[in-house]
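What follows is a single structure, written as structure tokens, with notes after it.
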Amino acid sequence: MSLLKYNLENLFSDDVQALVRHESGFDFKEAKSRFESFTQDASASIYSGYREDLLKSSDLSELKACAEKLQKLADVLVVCGIGGSSLGAQSVLSALGKSSKVLFLDNLDSFHFERSFAQLDLGRTALLIISKSGGTIESMVNAARVMDLYKTSGIDFKERTVAVTTDGAGSLYSWAQENNLDSFYIPQLVGGRFSLMTPAGLLPLAFADVNIDYFLAGARQELNAPEPQLWPLAKRLNELEVAGMGVLTLWPYASVLFDWGRWFQQLWGESLGKRAKNGVGVGSFPAACVGANDQHSLLQFLIEGSPRCVSMFVCLKSWEGAEDWMVSLPKSFHSKLGFSQGRKYSEILNAEAKATQGALSEVGRPSFELLVEKLDETNLGALYAHAMDLTVACGALKEINPFDQPGVEIGKKILPSVLES
Ligand code: PA5
């Protein structure tokens, strides 16, 4: 059974039905068989192995041994990777409160680089370079900069550097071989943004003491028995997009899940923002928000501004693991806020999520809620796996390829000439 639970009431209300006007002719049966071909038929022209790779239980002993070896020689793991080679692990560590052991260098930002290293004992760091293509400029340049620091400080990089890339291809692979570095591989048929459950995500997680067995178990549970509303939701989201609602705002109601929103933002945007068969651009633009903060920032727009947004809420049923303070307000605060007296901290935040959904519903704006049981490895595994399935299901309904990203190549081609000019 799925660990997740949707409430789609506000997506199927009369007001939202009126926005959609008529239910579009998306064919579930066809889309489901397309989904199956996308995820089960390796010989199909559009295919990703993210499901198959994850469902077959692989031996993680080497990966765990490598994480342990790195832990012995380093307090902080510096990860050079970007996009799908960074955001997944970054977001899981934020959610679990384990970010302090891993430094992610994704952008080429000298301020961030220098300030981060100023806090570190270089001799107690290790370096993990993650790039499926093995040639992404930001990742390789950052890795070279870290190695330059090692060299200047007389630290041998070889014993403390690990590569995660594609087996047998790319400059990172060749360089790691030449230097005899420990290496792990992202399966060829698993795309970057779907690679969280490969060594690209699992190695940094294991280094930070995340229980990756539980994480994978949660993901597998979800893939084996998806949340039952996956397809009705995918269909409704596509209908709303066709009806002109071209923005999907993501509202985890927990600061520690904001990075999950950034991960999902990439997954959704890069997978679904495509040219459809008729050449027309499709996809809803994903916007990572966070509750309750963005009630004081973006909610006004969602209630009264351009009516183009659908809002996804992600709430925690239980805040087990957090000290949940019982609100105790000074008397003078009672006139306005007395209703919160004696309530739990988390109870107020969850009520704010409900109130925001209520407000959107009152003005006929579509929203839906995904309830996560609690913040632990197993439930997070389910959440991430589900987000991948939902994205691919939407792609199957749109008849686009959710696994490529041809649009991002144009800028990469222009870049050398910009530097030369
Ligand atoms: O989803 C994708 O394929 C991209 O976001 C990549 O993850 C990102 O561009 C990094 O690529 P690479 O892992 O090849 O360095």
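Could you say whether any residue in segment 376-396 is small (Gly, Ala, Ser), part of a strand (DSSP E or B) and away from the ligand (no atom under 16 Å from the Cβ)? Working first, answer last.
So in segment 376-396, the residues small (Gly, Ala, Ser) come out as 381-382, 385, 387, 393, 395-396.
From what's left, part of a strand (DSSP E or B): none.
The answer is no, given that none of the residues of segment 376-396 is small (Gly, Ala, Ser), part of a strand (DSSP E or B) and away from the ligand (no atom under 16 Å from the Cβ).
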Of residues in segment 172-196 being more than 14 Å from the ligand (Cβ to nearest atom) and in a loop (DSSP other than H, G, I, E, B), the one surrounded by the most Cβ atoms within 10 Å (Cβ to Cβ): LEU181
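Quick check: is even one residue across segment 299-314 under 28 Å from GLY49 (Cα atoms), within 22 Å of the chain's Cα centre (by Cα) and not assigned by TED's automatic domain parsing to the domain that holds VAL78?
Initial filter on segment 299-314 (under 28 Å from GLY49 (Cα atoms)): 312, 314.
Still in the running and within 22 Å of the chain's Cα centre (by Cα): 312, 314.
Next cut, not assigned by TED's automatic domain parsing to the domain that holds VAL78 only: 312, 314.
So far as segment 299-314 goes, yes, one or more of its residues are under 28 Å from GLY49 (Cα atoms), within 22 Å of the chain's Cα centre (by Cα) and not assigned by TED's automatic domain parsing to the domain that holds VAL78.
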Check on PHE403, buried (at least 20 other Cβ atoms within 10 Å of the Cβ) and within 16 Å of the ligand (Cβ to nearest atom): yes
Any pair with Cβ under 6 angstrom, 6 or more apart, that starts in segment 125-137 at a residue that is closer than 14 Å to ASP182 by Cα and free of Cβ contacts under 8 Å to residues at least 12 places away in the same chain and ends at one that is more than 7 Å from the ligand (Cβ to nearest atom) and in a strand (DSSP E or B): none
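SER48 - would you say it is in contact (Cβ under 8 Å) with a residue 12 or more places away in the chain, out of contact with any strand residue (DSSP E or B) (no Cβ under 8 Å at 6 or more places or on another chain), of a type in the set (Ser, Thr, Tyr) and surrounded by 14 or more Cβ atoms within 10 Å (Cβ to Cβ)? Before you say what the answer is, go through the steps one by one.
Numbers: in contact (Cβ under 8 Å) with a residue 12 or more places away in the chain: yes; out of contact with any strand residue (DSSP E or B) (no Cβ under 8 Å at 6 or more places or on another chain): yes; of a type in the set (Ser, Thr, Tyr): yes; surrounded by 14 or more Cβ atoms within 10 Å (Cβ to Cβ): yes.
Yes: the conditions hold for SER48.
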Unmet requirement for GLY201, which otherwise passes all of (1) in a helix (DSSP H, G or I); (2) away from the ligand (no atom under 14 Å from the Cβ): (2)
Test for SER255: is it over 16 Å from the mean Cα position of the chain (by Cα) and of a type in the set (Ser, Thr, Tyr): no
Some residue of segment 407-419 being within 16 Å of the ligand (Cβ to nearest atom), in contact (Cβ under 8 Å) with a residue 60 or more places away in the chain and over 26 Å from the mean Cα position of the chain (by Cα): yes
Top-ranked residue in segment 106-150 [being surrounded by fewer than 17 Cβ atoms within 10 Å (Cβ to Cβ) and basic (Lys, Arg); ranked as nearest to the ligand (Cβ to nearest atom)]: ARG145
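So, in segment 104-150, how many residues would count as being in a helix (DSSP H, G or I), β-branched (Val, Ile, Thr) and under 18 Å from LEU70 (Cα atoms)? Please lay out each step first, then the result.
At the first step, the residues of segment 104-150 found to be in a helix (DSSP H, G or I) are 110-118, 122-124, 137-150.
The next check asks that each one be β-branched (Val, Ile, Thr); those that pass are 137, 141, 146.
Those left that are additionally under 18 Å from LEU70 (Cα atoms): 146.
Of the residues in that region, 1 qualify.
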Residues located in segment 284-313, provided they are in a helix (DSSP H, G or I), hydrophobic (A, V, I, L, M, F, W, C) and in contact (Cβ under 8 Å) with a residue 40 or more places away in the chain: LEU299, LEU302, ILE303
Enumeration of residues in segment 77-105 that are touching a strand residue (DSSP E or B) at 6+ places or on another chain (Cβ under 8 Å), within 13 Å of the ligand (Cβ to nearest atom) and not hydrophobic (A, V, I, L, M, F, W, C): GLY81, SER85, SER86, GLN90
Subset of segment 151-171 [outside any strand (DSSP E or B) and either among the small types (Gly, Ala, Ser) or within 16 Å of the ligand (Cβ to nearest atom) (or both)]: SER153, GLY154, THR166, ASP167, GLY168, ALA169, GLY170, SER171
Tabulated pairs, segment 81-96, first within 17 Å of TYR214 (Cβ to Cβ) and touching a residue at least 40 places away in the same chain (Cβ under 8 Å), second within 12 Å of the ligand (Cβ to nearest atom) and outside any helix (DSSP H, G or I), C-beta under 6 angstrom, 6+ apart or interchain: GLY88/LEU196
Hits in segment 329-364 (condition: in contact with a strand residue (DSSP E or B) (Cβ under 9 Å, 6 or more places away or on another chain) and either outside any loop (DSSP other than H, G, I, E, B) or not assigned by TED's automatic domain parsing to the domain that holds VAL310 (or both)): LYS344, TYR345, SER346, LEU349, ASN350, ALA353, LYS354, THR356, GLN357, LEU360, SER361
Contacts under 7 angstrom Cβ, first residue in segment 146-169 being more than 20 Å from GLY201 (Cα to Cα), partner exposed (fewer than 11 other Cβ atoms within 10 Å of the Cβ), 6 or more apart: LYS158/ASN180
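The values are calculated or read from the model by the stated rules, or taken from the named source; none is laboratory data. All values derive from a computational prediction rather than experimental measurement. Cβ: placed from backbone, ideal geometry, glycine included. Neighbour counts: every protein chain shown.
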